[in-house]
1. Can you find a residue that is within 22 Å of the chain's Cα centre (by Cα), surrounded by fewer than 19 Cβ atoms within 10 Å (Cβ to Cβ), part of a strand (DSSP E or B) and not hydrophobic (A, V, I, L, M, F, W, C) anywhere in the stretch 157-167?
2. Looking at (1) under 26 Å from Gly81 (Cα atoms); (2) outside any loop (DSSP other than H, G, I, E, B), can you tell me which one Ser197 breaks?
3. Quickly run through the stretch 221-242 and pick out the residues that are of a type outside the set (A, V, I, L, M) and over 15 Å from Ala206 (Cβ atoms).
4. With Leu296, Leu248, Leu262 as the choices, which residue is out of contact with any Lys or Arg (no Cβ under 8 Å at 6 or more places or on another chain) and within 14 Å of the ligand (Cβ to nearest atom)?
5. Taking the stretch 36-50 only, how many residues are outside any helix (DSSP H, G or I) and surrounded by 15 or more Cβ atoms within 10 Å (Cβ to Cβ)?
6. Just for helices (runs of 4 or more DSSP H) wholly inside the stretch 60-154: which have at least 2 residues that are charged (D, E, K, R), away from the ligand (no atom under 14 Å from the Cβ) and in contact (Cβ under 8 Å) with a residue 12 or more places away in the chain?
7. Give the stretch 193-224 a look and list any residue that's within 25 Å of Pro173 (Cα to Cα) and of a type in the set (Asp, Glu), or say none.
8. Could you list, ordered by first residue, the pairs with Cβ atoms under 6 Å in which the first is in the stretch 14-41 and over 22 Å from Ile238 (Cα atoms) and small (Gly, Ala, Ser) and the second is at pLDDT below 95 and crowded, with 20+ Cβ neighbours inside 10 Å, at least 6 apart or interchain?
Amino acid sequence: MLVVDKGRGVGGRLATRRIGDGVFDHGAQFFTSAEPEFDTEVATWVDAGVAAQWFDTRLEPDGSLVTDGHPRWRGTNGMSGIAKHLAASLDVRTGCRLVSLAVDNGAWTAVDSDDGVIRAESIVVTAPVPQTLALFDAGAVGLDANDRRDLDAVDYHPCIAVLALLDGPSGLPTPGALRPAGEPLDWVADNQMKGISPVPALTVHAGTATSRALWDASDDVVVEQLLAAVPGLASGPIAGGVQVQRWLYARPVECRPEAARLLFGLPAAVLAGDAFGGARVPGAAASGNAAAALLL
Ligand SMILES: Cc1cc2nc3c(=O)[nH]c(=O)nc-3n(C[C@H](O)[C@H](O)[C@H](O)COP(=O)(O)OP(=O)(O)OC[C@H]3O[C@@H](n4cnc5c(N)ncnc54)[C@H](O)[C@@H]3O)c2cc1C
């Protein structure tokens with residue numbers, strides 16, 4: 001089995017980035033677990049030292065905390081560390097951006113951006129669905145009409161993230177996160193308080209409407225508007241220590257009911273990821289398991 005990923009590292013939206021001495025989770029911020037199968041998986045990550053509890057309260061939009069006892073998990077060294085742990089025993093080719101998937105003599109042919117060709121009897125594709133469809137279209141794959149209709153309808157919310165090294169403590173309340181859960185901000189986190197950054201490092205996520213409104217704005221405008229909206233921010237950004245990430249496919253608007261999808265009338269091809277069965281990290285993990293079961 002071969003895993004290819006266009007990213008420089010593995011993880012996709014389990015994304016951790018460094019700016020100077022700062023460490024930032026800029027995609028998924030934490031995950032919860034409500035399924036015994038995922039609980040068991042998370043326990044192995046905790047044993048391996050790659051995941052730890054961050055907090056176990058609900059963050060209300062007004063900044064208050066409501067104890068509910070459900071662990072919110074983080075990567076010990078950032079969220080991407082969990083993906084690195086999972087990938088350690090796999091044959092992974094990073095920096096490999098596929099540009100087409102085609103059917104040829106009853107098998108799959110994947111072509112990457114360096115014209116490399118990979119042949120496979122079966123494939124699991126976990127890219128966001130519009131990107132997956134673009135790969136099939138580039139390879140002139142004729143999808144079954146039901147598959148095409150259902151997959152064309154899968155849509156995602158965008159999210160703009162601002163990452164800022166700060167010149168002092170952020171002033172965020174314990175546990176180092178605010179969940180305004182609206183506009184202009186959806187989420188703010190202090191990665192130092194989270195335990196992954198040695199220096200003050202702030203992640204700010206815009207809400208969906210704000211992300212759409214600011215999508216084509218310059219990074220300077222985005223940074224100014226989003227940082228100005230952080231309630232009670234006690235320090236300012238360090239010059240040269242700020243970056244903007246635009247996630248076009250941050251979260252599915254609605255998930256497909258099936259946990260993974262075997263495409264009809266083609267060599268074995270299963271689509272999986274957070275658009276299937278359940279959004280977010282636990283949904284993506286469950287979808288991966290469902291994809292494996294379908295293929296087997
Ligand atoms: C800003 C933001 C905040 C979030 N917050 C949370 C949160 O707090 N809690 C939570 O549970 N979830 C959160 N999520 C959602 C969570 O990150 C996702 O649900 C989950 O990580 C999706 O995993 P996946 O494997 O389905 O997709 P991805 O992680 O997107 O993986 C798809 C992979 O496909 C690769 N790929 C795509 N196209 C190609 C190509 N052409 N060639 C090769 N490789 C390709 C990508 O590089 C990527 O690694 C958040 C997401 C974002 C963006």
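The values are calculated or read from the model by the stated rules, or taken from the named source; none is laboratory data. Since the model is a prediction, treat every value here as computed from it, not as a measurement. Ideal geometry is used to build each Cβ from the backbone, glycine not excepted, and the neighbour counts take in all protein chains shown.
1. Checked against the condition, which is being within 22 Å of the chain's Cα centre (by Cα), surrounded by fewer than 19 Cβ atoms within 10 Å (Cβ to Cβ), part of a strand (DSSP E or B) and not hydrophobic (A, V, I, L, M, F, W, C), the stretch 157-167 yields at least one hit.
2. (2)
3. Quick first cut of the stretch 221-242, residues of a type outside the set (A, V, I, L, M) only: 224-225, 231-232, 235-237, 240-241.
Selection gives Gly232, Ser235, Gly236, Pro237, Gly240, Gly241.
4. Details: Leu296 fails: within 14 Å of the ligand (Cβ to nearest atom); Leu262 fails: within 14 Å of the ligand (Cβ to nearest atom).
From the options Leu296, Leu248, Leu262, the qualifying one is Leu248.
5. 1
6. Details: elements: 80-87, 129-138, 145-152.
The qualifying helices (runs of 4 or more DSSP H) are 145-152.
7. Within the stretch 193-224, Glu224 is the sole residue that qualifies.
8. Taking only residues 6 or more apart or on different chains, not a single pair turns up.
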